[in-house]
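Heads up, the thing below is written out as structure tokens.
The values are calculated or read from the model by the stated rules, or taken from the named source; none is laboratory data. Just so you know, these numbers come straight off a predicted model, no measurement behind them. Quick reminder, even Gly has a Cβ in these numbers, built from the backbone with ideal geometry, and neighbours come from all protein chains shown.
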Amino acid sequence: MYKCFSLSIKNNIAHLQMNRPEKRNSMILDFWTELPEIIADIDAGSKARVIVLSSTGPHFTAGLDKSLFAFVSEADREADEDTRNIQSGAAFYHNMTQFQTAFTSLEACRIPVLAAIQGGCIGGGIDLITACDMRYGTENSFYTIFETNLAMTADVGTFPRLINLIPEGVVREMAYTGRNVTATEAKTLGLLNRVYPDQGSMLLGVMEIATEIASKAPLAVSGCKKMITYSRDHSTKDALDYVAIWNASHFKLTEVLEAMEANKADRPGHFASLPKRCV
């Protein structure tokens, strides 16, 4: 069904896998339309309570596919050369904002997204994982802001998100040098939540975390995601006010009582799902 992904949904967990290992899961044009489409469909249909994003093959992703380099600034092919040159900047801006929107869909959806990373997470891969809620890696994983090595500036989401996750000086060093950051260093810096010996144990571990999240009240988890992201981007005063307003409209005593009873009886809770959306 999809060129760049495979999707399975079981036990309220959507497992979304990049499935072009022979191309190191590079991000071709289809990637940028399929990713937000899949995320929006899961979210709008309330089809899962957690999304696990993983990959196949030795590397998580090599980042943007080289075929996109010419496409992003491609203007009207039927126009003369002067017109195309004038249009190229506007075409680049439009296409790049569309790419940015694809990753923002992960951050904007109501459902937590957990990234499971093996091998290389390069270039656009950093943009991708920083838009996720949590990140987990294998011992052999490494993380590279590779764009500098190609005489480019990372522009699909790395800097505004990574700067909130690890120290600014490290972000600058990674960007200026284009060096690889090991899993151990990434964990120490706070980019990774946990590090696993290999991909198999990582997927098992991440699925256990996803299962734990899926057992909680979906509206409560969604509220946490909303408030954490809002708090990151706003002042403490504004965030406190917003969470009070949020709970004034979303707090439901029946959900609280059900959670308490479920914990007391050591049984799964029976909670309301996220409401489906029309779009």
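Quick one: in segment 113-135, of everything that is small (Gly, Ala, Ser) and in contact with a strand residue (DSSP E or B) (Cβ under 7 Å, 6 or more places away or on another chain), which residue is surrounded by the most Cβ atoms within 10 Å (Cβ to Cβ)?
Checked segment 113-135; the qualifying residue surrounded by the most Cβ atoms within 10 Å (Cβ to Cβ) is GLY125.
Taking residues in segment 118-137 that are within 17 Å of LEU106 (Cα to Cα), and partners anywhere that are charged (D, E, K, R) and surrounded by fewer than 23 Cβ atoms within 10 Å (Cβ to Cβ), the pairs with Cβ atoms closer than 6 Å and at least 6 places apart or on different chains are THR130/ARG161; ALA131/GLU107; TYR136/ARG194.
Of all residues in segment 213-232, one or more are more than 24 Å from SER46 (Cβ to Cβ) and at pLDDT 95 or above. Residues in segment 7-25 that are more than 16 Å from PRO112 (Cβ to Cβ) and over 16 Å from the mean Cα position of the chain (by Cα): SER8, LYS10, ASN19, ARG20, PRO21, GLU22, LYS23, ARG24.
Looking at this structure, is VAL221 in contact with a strand residue (DSSP E or B) (Cβ under 6 Å, 6 or more places away or on another chain), under 24 Å from SER54 (Cα atoms) and surrounded by 15 or more Cβ atoms within 10 Å (Cβ to Cβ)? No.
How many residues does segment 221-279 contain that are of a type in the set (Gly, Ala, Ser) and over 21 Å from CYS109 (Cβ atoms)?
7
For segment 235-279, the set of residues classified as charged (D, E, K, R) and either loosely packed, with under 14 Cβ neighbours inside 10 Å or in a loop (DSSP other than H, G, I, E, B) (or both) consists of LYS237, ASP238, ASP241, LYS252, GLU261, LYS264, ASP266, ARG267, LYS276, ARG277, listed by residue number.
Would you check which residues across segment 116-167 are among the acidic types (Asp, Glu) and within 11 Å of the chain's Cα centre (by Cα) and list them? Answer for segment 116-167, where residues must be among the acidic types (Asp, Glu) and within 11 Å of the chain's Cα centre (by Cα): ASP127, ASP133.
If I filter segment 225-234 for residues that are buried (at least 16 other Cβ atoms within 10 Å of the Cβ) and either among the small types (Gly, Ala, Ser) or part of a loop (DSSP other than H, G, I, E, B) (or both), do I get at least one hit? The answer is no; no qualifying residue exists. Within segment 172-188, residues that are charged (D, E, K, R) have Cβ atoms under 6 Å from residues that are surrounded by 13 or more Cβ atoms within 10 Å (Cβ to Cβ) and outside any helix (DSSP H, G or I) in these pairs: LYS187/VAL195, counting only partners at least 6 apart in sequence or on another chain.
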